[in-house]
Amino acid sequence: MKQQKYRNLLKMLDPSEFTLDKNLLIQHCTDWRGVYRGDSDLIIFPKSVKKISKILKFCEKETIRVVPQGGNTGLVGGGVPRKNKNEIIINLSNLKKIRDIDFIGGSITIESGCILDNVKNKLYKHHLEFPLSMGSRGNCQIGGNIATNAGGVNVIKYGTFRQNILGIEAVLPDGTIYSCLKNIKKNNTGLDLKHLLIGSEGILGIITAATIKVFPLPNEKTVIWASFDTFKDVLDFYVFMVREFNDLISSFEFMNNESIEVLEKNELKLENLKKNECYCLVEISNFQQIKDFNEFISSKLDFKKINTDDLIISKSEFENKKLWNYRESIPLAERKEDFIVAHDISIPLVNIDNFVIETSKSIKKFHKNSSIINFGHLGDNNLHYNILIKNHQSLNRKSISKTINRIVYDNVNKFNGAISAEHGIGQLRKGELKKHKDFEEIKKMQAIKKLFDPKNILNPGKVI
Ligand SMILES: Cc1cc2nc3c(=O)[nH]c(=O)nc-3n(C[C@H](O)[C@H](O)[C@H](O)COP(=O)(O)OP(=O)(O)OC[C@H]3O[C@@H](n4cnc5c(N)ncnc54)[C@H](O)[C@@H]3O)c2cc1C
């Protein structure tokens, strides 16, 4: 019966629009961290929005479950099918046109399969900046970025992706094409459906294109690397830098000593940088044609007010890249470890020091062979607070993870934070969401899902 259903589906497709190849399917069924390994008999790479509409109409009628997939760099198991659930994958990589760049209004209209880095490079040639950047930019797609409301390293300057999206085109589960690709900043015409689709992790519709704000490219960027004895010194440094540089700051990243240890063990060594407990990487962008930018930056860094003995100001694009590479290689280094309990949390900056002290103490008490790899986008209150467990018996994994999650998430609640800052819910945090969202809010979310997708064909088993 299932084969018959697929046969009719395949008849709608060009042979280059799908694969049944087992090896390729395995790749697309496994998430980036290798934690979620689902299965599927079919992956489709549609070449047009109309085709997606036809496919979804058919799938809804025949109750075929569909997982939307972009670059498959997601970190919560949202973009891969589950095991033994007969789900097919619709991968968006063939929708990769740049439809328009509006040089007057300052926006770009792009299809959802465009790779983030390709969009950034295209805009760079026009001296324009795209408001999103992150370590996965060489592989992740715009549709995946919108579906996860991605954060990344420039939120402190441009806001989250949601704040930069002016319009969206999407195919809804019954095949309806919803299109609102207007390049206007003000549009008060009732409920704004695009904001439901942003961050919906593929459960309400397949995003096919978007109109997104773009910004003038800064003249130059300078990276500052500083190290500190304590987390409190880091926070003092943050306050000092915001006062001195304000909206010239385009990134403010944090790494603790354990992050650097895992980086040096598995990926690369820090060159000519002093070791310490905490590290910051701050990117300052010259948006104001300031002459002799390095001189300008140095003149503002008052060492009497900064409690550091190691502060480096990059002098070239080469040095910028080298320093960024340390920060962006941490996830790659972590991936080489056997057992990590990962978190992506938001904590108000005013509580963050106490959160780290209390949570780390409880974790060390629970498991003394643990190492707390704490890094992230500090300027946006966002920590990737990941616990590396050494010398464990594999049988214990589930119960160790459960206890660690309890310690971390109870403290997230206590310090008024959020259990996901930017990666989303997917499969990984679905259970936890129920405990942290108000019951009435969950009920409303379920009602919205039912309204969009009454037969639950789109990305079932994810988020709610
Ligand atoms: C090294 C590394 C660094 C990272 N750094 C960051 C970071 O700084 N900030 C951050 O926010 N994330 C980060 N991530 C996570 C990840 O890159 C983002 O979540 C990214 O936005 C996912 O895009 P993707 O195309 O890979 O989506 P996928 O992983 O393919 O999918 C993610 C979710 O979106 C849905 N989806 C995908 N495409 C569509 C579509 N067209 N329509 C509807 N739903 C869709 C999927 O069903 C799934 O639920 C990082 C990941 C890695 C591996």
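Scanning the range 313-331 for residues that are exposed (fewer than 14 other Cβ atoms within 10 Å of the Cβ) and either of a type outside the set (Gly, Ala, Ser) or in contact (Cβ under 8 Å) with a residue 60 or more places away in the chain (or both) yields 315, 317, 318, 321, 325. The set of residues from the range 320-357 being among the aromatic types (Phe, Trp, Tyr) and either within 16 Å of the ligand (Cβ to nearest atom) or farther than 15 Å from residue 34 by Cβ (or both) comprises 324, 326, 355. Any chance the range 325-338 includes a residue that's assigned to a loop (DSSP other than H, G, I, E, B) and at pLDDT below 95? Yes: the range 325-338 contains one or more residues that are assigned to a loop (DSSP other than H, G, I, E, B) and at pLDDT below 95. If we scan the range 31-43, do we find a residue that is over 27 Å from residue 210 (Cα atoms) and β-branched (Val, Ile, Thr)? Looking through the range 31-43, at least one residue is over 27 Å from residue 210 (Cα atoms) and β-branched (Val, Ile, Thr). Filter the range 1-56 for residues that are within 16 Å of the ligand (Cβ to nearest atom), among the polar types (S, T, N, Q) and surrounded by fewer than 19 Cβ atoms within 10 Å (Cβ to Cβ) and give the result. Selection gives 27, 30, 48. Taking the numbered list (1) within 30 Å of residue 308 (Cβ to Cβ); (2) assigned to a strand (DSSP E or B) in turn, residue 212 passes all entries but (1). Against the test of being part of a loop (DSSP other than H, G, I, E, B), within 27 Å of residue 385 (Cβ to Cβ) and not assigned by TED's automatic domain parsing to the domain that holds residue 51, the options 269, 291 yield a single qualifying residue, 269. Please verify whether residue 253 is among the charged types (D, E, K, R) and surrounded by fewer than 20 Cβ atoms within 10 Å (Cβ to Cβ), treating the condition exactly as stated. Considered against the rule, which asks whether it is among the charged types (D, E, K, R) and surrounded by fewer than 20 Cβ atoms within 10 Å (Cβ to Cβ), residue 253 comes out as no.
Kindly establish whether residue 251 is outside any loop (DSSP other than H, G, I, E, B) and modelled with pLDDT of 95 or more. Yes: the conditions hold for residue 251. Of the residues that sit in the range 272-288 and are assigned to a loop (DSSP other than H, G, I, E, B) and hydrophobic (A, V, I, L, M, F, W, C), which one is surrounded by the most Cβ atoms within 10 Å (Cβ to Cβ)? For the range 272-288, the residue satisfying everything is 287. Once the range 147-173 is narrowed to residues that are more than 26 Å from residue 51 (Cβ to Cβ) and more than 9 Å from the ligand (Cβ to nearest atom), the residue that is surrounded by the fewest Cβ atoms within 10 Å (Cβ to Cβ) is 163.
Being among the aliphatic types (A, V, I, L, M) and either loosely packed, with under 14 Cβ neighbours inside 10 Å or assigned to a helix (DSSP H, G or I) (or both) is a description that applies to residue 297.
Just one of the numbered conditions (1) within 16 Å of the ligand (Cβ to nearest atom); (2) modelled with pLDDT under 95 is not true of residue 188: (1). Given the criteria more than 26 Å from the chain's Cα centre (by Cα), assigned to a loop (DSSP other than H, G, I, E, B) and outside the structural domain of residue 374 (by TED's automatic domain parsing), does residue 315 qualify? Yes: the conditions hold for residue 315. The residues of the range 433-454 that are within 23 Å of the chain's Cα centre (by Cα) and modelled with pLDDT under 95, listed by number, are 434, 435, 436, 437. Selection of strands (runs of 3 or more DSSP E) fully inside the range 51-155 by the criterion of at least 2 residues being closer than 23 Å to residue 218 by Cβ and β-branched (Val, Ile, Thr) returns 98-102, 107-111. Among the residues of the range 57-87, which ones are within 14 Å of the ligand (Cβ to nearest atom), under 10 Å from residue 458 (Cα atoms) and hydrophobic (A, V, I, L, M, F, W, C)? Across the range 57-87, the qualifying residues are 66, 67. Residue check: residue 235 meets all listed conditions (1) of a type outside the set (Gly, Ala, Ser); (2) surrounded by fewer than 16 Cβ atoms within 10 Å (Cβ to Cβ); (3) touching a helix residue (DSSP H, G or I) at 6+ places or on another chain (Cβ under 7 Å); (4) in a helix (DSSP H, G or I) but one, namely (2).
Only residues that are part of a strand (DSSP E or B) and either free of Cβ contacts under 8 Å to residues at least 12 places away in the same chain or not aliphatic (A, V, I, L, M) (or both) were counted across the range 358-411, and they come to 9. I need every pair where a residue in the range 174-203 that is under 30 Å from residue 430 (Cα atoms) has its Cβ under 6 Å from the Cβ of a residue that is polar (S, T, N, Q) and not in a loop (DSSP other than H, G, I, E, B), sequence separation at least 6 or different chains. From the range 174-203, the pairs are 175/53; 177/53.
The values are calculated or read from the model by the stated rules, or taken from the named source; none is laboratory data. Here the structure is a predicted model, which means the values were calculated and not measured. Cβ coordinates were reconstructed from backbone atoms using ideal geometry, including for glycine residues, and neighbour counts include every protein chain displayed.
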